[in-house]
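The values are calculated or read from the model by the stated rules, or taken from the named source; none is laboratory data. Quick caveat, the model's predicted, so the values are computed rather than measured. In this analysis, Cβ positions are derived from the backbone assuming ideal geometry, glycine residues included, and neighbour counts consider all displayed protein chains.
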């Protein structure tokens, strides 16, 4: 038998045996993976935190580098950038808990207090509509809906009111969470401050232990993945803040007492690709529909115009170009990601699909441009 053929057959048999063993012991592997992830949890959380703060840190680093270019303190640009990034994060968190959260609680309280009247108005409107259309249908009884919505909103209100104390109590009560948080913070600070050094070490390790034919593509894929995820996270967060803020301002002229609630709903739902805008619009419109059908109609028109302006004028100027992923791929990625991992799958599926689409497109172009033998 040919030696090369024998090696190929042996390799196929080995792969088949390993695959059967993996499928047979999938639960054991899943348990081992869970233990491994728990061990490296501080490192993973620290990496995610450093990844989120990387772009602000780079912005502050360039700013400080220009200011300290001709001084002896130029080496302090990186530590100052890291410190400023964490101060900005702390300011954002404090602002959310100090200003946004109380206003959101106040809006929910107002809605709960007026819920009975809203339900009665909605029921009268529906009954009048059925009577006007001469539909022979029994009148709707929305009393159970009132009780259900009151329970849901009261639980949400209780959760939001106790969110700060719960976080403090939960964090101080569990030593492991405190240790994990501290270690993650230390890891993230080290990753941000030693970014260039870490990248250089990773490149040297890759060149040393991986063949050149494989090291190049791996480096390209990692760079593409990092750039894609950075662009996606930054774009979605900025879009959510812009859309939520503008929606809040617009609601001040439509229904001022519910402006924070509608703004937070629309902004938070904007983080979800494709379906997020529709989810936020439907939830907000249903809420306003119980207050006033006319105001709900005005809000829908306002939100449609706002999304067009934000998507075509503001977002491209602030964020730049999109991920370049066709709409059908985005829809497929969101569907598959949501089915496999729920909300986290929806959030990470789009950048992963964008990386796969870019790599596939590059490979197809390379093969098409390659001259025939």
*Would you point out which residue out of 40, 61, 47 is without any contact (Cβ under 8 Å) to a residue 12 or more places away in the chain and either more than 21 Å from residue 267 (Cβ to Cβ) or surrounded by 13 or more Cβ atoms within 10 Å (Cβ to Cβ) (or both)?*
40
*Select from the range 319-330 the residues that are part of a helix (DSSP H, G or I) and loosely packed, with under 15 Cβ neighbours inside 10 Å and write down the one among them that is modelled with the highest pLDDT.*
328
*For residue 253, all conditions in the list (1) crowded, with 19+ Cβ neighbours inside 10 Å; (2) farther than 26 Å from residue 333 by Cβ hold save one; what is the number of the exception?*
(1)
*Show the residue pairs that are 6+ apart or on different chains and have beta-carbon atoms under 7 Å apart, the first residue being within the range 189-206 and assigned to a helix (DSSP H, G or I), the second being loosely packed, with under 14 Cβ neighbours inside 10 Å.*
206/218
*Can we say residue 224 is surrounded by fewer than 20 Cβ atoms within 10 Å (Cβ to Cβ), farther than 28 Å from residue 346 by Cα and out of contact with any strand residue (DSSP E or B) (no Cβ under 7 Å at 6 or more places or on another chain)?*
no
*Scanning for something modelled with pLDDT of 70 or more, surrounded by fewer than 19 Cβ atoms within 10 Å (Cβ to Cβ) and either in contact with a strand residue (DSSP E or B) (Cβ under 8 Å, 6 or more places away or on another chain) or more than 22 Å from residue 234 (Cα to Cα) (or both), does the range 310-318 turn up at least one residue?*
no
_Need pairs with beta-carbon distance below 8 Å; first residue farther than 11 Å from residue 55 by Cβ and within the range 223-234, second outside any helix (DSSP H, G or I) and modelled with pLDDT under 80; sequence gap 6+ or separate chains._
228/323; 232/323
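Residue-by-condition table, conditions (1) crowded, with 17+ Cβ neighbours inside 10 Å; (2) touching a helix residue (DSSP H, G or I) at 6+ places or on another chain (Cβ under 6 Å); (3) under 15 Å from residue 227 (Cα atoms); (4) modelled with pLDDT under 80:
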| residue | (1), (2), (3), (4) |
| --- | --- |
| 340 | no, no, no, yes |
| 343 | no, no, no, yes |
| 357 | yes, yes, yes, no |
| 361 | no, no, no, no |
| 365 | no, no, no, no |
*Verdict on residue 218 being surrounded by 14 or more Cβ atoms within 10 Å (Cβ to Cβ), out of contact with any strand residue (DSSP E or B) (no Cβ under 7 Å at 6 or more places or on another chain) and assigned to a helix (DSSP H, G or I)*: no
*Working only within the range 254-283, note down all residues that are over 23 Å from the mean Cα position of the chain (by Cα), more than 13 Å from residue 303 (Cα to Cα) and either in a loop (DSSP other than H, G, I, E, B) or without any contact (Cβ under 8 Å) to a residue 60 or more places away in the chain (or both).*
255, 256
